[in-house]
Amino acid sequence: MRTVTSNGVTLHVQLEGPEDGPVVMFANSLGTDLRVWDLLLPHLPEGLRIVRFDKRGHGLSDCPDAPYDMDALVTDAEAIIDAFGLRDITFVGLSIGGLIGQGLAARRPEVMRALVLMDTAAKIGSPEMWQDRIDALRTGGIGSMADAILDRWFAPEMRNDPARLAPWRHMLTRTPIEGYIGCCAAIAEADFTRSTRALTLPVMAMAGSEDGATIPEMVRATADLCNAAFHVIQDAGHLPCIEAPEQVGALITDFLKETAHV
């Protein structure tokens, strides 16, 4: 187990693959940890330097008190990059992870090779919407909202399969409430519209056709900001890396061949 400290917060990091391999760094979504990528990794090319981490408040990373801001989350990713001397990074960001990726690409273009935006946007929702969610979480906890969240995460076929759904419900409901609320606050204030429009590195975006959190039209609008290729993953929700790992893996593999020469 590897750890990196960022402004007093200890982050859990997992590195796999050869140290000299092309770097692919993953950032997970709200209410998940780095295991959200487990099903996808076997569908990526061999020889990659895979870097995954639990953002603050999630998984095995520290959970400081809420609220968090996007600057802190981007700084956490920077701390990992600098600690391990990572360069020429293809950054794959899912949901809030995509916001982190956009912030990182704007702040540290010299370490970035390419960006994959998965079920995310330059701006997600409104401050009022996120405050309503935070208030509901403070009152009833994550369990009270789990069904609604899972409805946005997954397409009907997945939601109707209790055995497949159960591990992800557990991951969600076992997320520390301060971590979940802290990241909600970070999303609420984040707006990368201007800086994402100015990005010049290669970008690919994708969205699940059944995503109820960042609907495909929202992801497409962000893709249009930075001239990114855009793909819809049919019969998948907010986490297509779980529901359609082979298709997502093929898209990322093709993108890596174009941009990272794997």
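Read the figures in this text as sums done on the coordinates, not as results from a lab. On a predicted model such as this, the values are computed, not experimentally measured, just so you know. Ideal geometry is used to build each Cβ from the backbone, glycine not excepted, and the neighbour counts take in all protein chains shown.
Here is how the numbers come out for the structure above:
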{"read-out": "Filter pass, Asp76 being acidic (Asp, Glu), assigned to a helix (DSSP H, G or I) and more than 15 Å from the chain's Cα centre (by Cα)", "value": "no"}
{"read-out": "Residues within segment 174-194 that are assigned to a helix (DSSP H, G or I), within 23 Å of Arg56 (Cβ to Cβ) and under 18 Å from the mean Cα position of the chain (by Cα), tallied", "value": "11"}
{"read-out": "Members of segment 150-173 found to be farther than 23 Å from Gly249 by Cα, in a helix (DSSP H, G or I) and free of Cβ contacts under 8 Å to residues at least 40 places away in the same chain, listed by number", "value": "Pro162, Ala163, Ala166, Arg169, His170, Thr173"}
{"read-out": "Those residues of segment 64-79 which are surrounded by fewer than 20 Cβ atoms within 10 Å (Cβ to Cβ) and touching a Ser or Thr at 6+ places or on another chain (Cβ under 9 Å), in sequence order", "value": "Ala72, Thr75, Glu78, Ala79"}
{"read-out": "Looking only at segment 177-186, and only at residues there that are aliphatic (A, V, I, L, M) and surrounded by fewer than 24 Cβ atoms within 10 Å (Cβ to Cβ), the one that is farthest from Thr32 (Cα to Cα)", "value": "Ala185"}
{"read-out": "Single condition Glu210 does not satisfy, out of (1) acidic (Asp, Glu); (2) free of Cβ contacts under 8 Å to residues at least 12 places away in the same chain; (3) surrounded by 24 or more Cβ atoms within 10 Å (Cβ to Cβ)", "value": "(2)"}
